[in-house]
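Every number here is computed from the coordinates shown, using simple stated rules; none is lab data. A quick note: this is a predicted structure, and the numbers were derived from the prediction, not measured. Ideal geometry is used to build each Cβ from the backbone, glycine not excepted, and the neighbour counts take in all protein chains shown.
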Amino acid sequence: MKNFKNYLYGNLDTKIYGKVYHDKKNKQAVLSDGRFMVVSKELFDESKDVVFLKKGKHKDFDYSQFKYMSCVLPQSNREEGNFQKFKECVASAEELLFDEKIPYEDALYNKVFFKDFDLCLSVPIIHAIGQFIDDNKGLEMKVFFDKNDRCRSALIEAYNPNPLSQENEWLNLIAFAPIRNGFEYQTVVEGGKAREEIGVYEKNIETRYSWSDMANEFTNRGIPHEVVSRMADVETAMILNRPVMSMFKFDEWLHEKYGDYESEGKSMSDLFNEMFGNDADKMAWYFGIESEEDK
């Protein structure tokens, strides 16, 4: 591994953000931009704490409270893929598509369908995967997908090839979020070759709501679009594998709208129930609040 800055797609004008956290307990350095996450034991520095590479809309997020390893695909859900074949597909996609001058958010709309793996990825994530593979080319690597759902998180682990090293002890890993069901792609990679082809990534899986579906639920209830657009909680979404709103940002808006409502004897729960009535449980689901039967 070299450093984390090369993983951030685009140039300084794109206003992308990424954060590095040096976990002293697990002796791991972590980079996340909300859509992919790199964990490196090689880059761990005990003298450092939280470092913001680029400040962005989540600059106040407290990484010391973020259980980042929850984003890593658990062993019970893993299905190992052919890494060499996957590596060739990533290289082919990069050769056809990669242009780091494209703003990050614009590049997210450029999606690639890896037909051999039944997986769809956005260009910034392909760039991060390619960088990870290049940085760890001296190590053994394995790629894993969710065995039940290709729309859920996937990861690559890099291992020390030294037979004297601890068995199954990874040195670096990258976890990334595939494109969900129903999104349009512009490129197909098949047999290690990339070609331009427009289609819709459709999976025969249980229907899940999209970010747009969730946003519409809130705007239809009178919450302004500009408020809804800033309530996305991408870190928690990676953990729960579904779109989630931030309860903290929602509470900020409640205070903007109603002022210091606590001094009037009301709680956030009171306002929540007043606003959403019989749909309160449904709307709570969008904030990541799960009942036991939902888990």
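From least to most packed, judged by other beta carbons within 10 angstrom and beginning with the fewest, 155, 108 follow the order 108, 155.
With both labels modelled 7 Å from their Cα along Cα-to-Cβ, the residue 262 to residue 274 distance reads 1.7 nm. With the simple model of a label 7 Å out from the Cα in the direction of the Cβ, residue 42 to residue 196 spans 3.7 nm.
Measuring between alpha carbons in the structure, the pairs from 147/249; 5/67; 24/111; 41/249; 24/101 lying more than 31 angstrom apart are 147/249; 24/111; 41/249; 24/101. In a DSSP loop and with at most 12 other Cβ atoms within 10 Å, the trypsin sites (Lys or Arg not before Pro) in the stretch 90-147 are 101, 137.
When 198, 125, 179 are arranged by Cβ crowding within 10 Å, least crowded first, meaning fewest neighbours, the order is 198, 179, 125.
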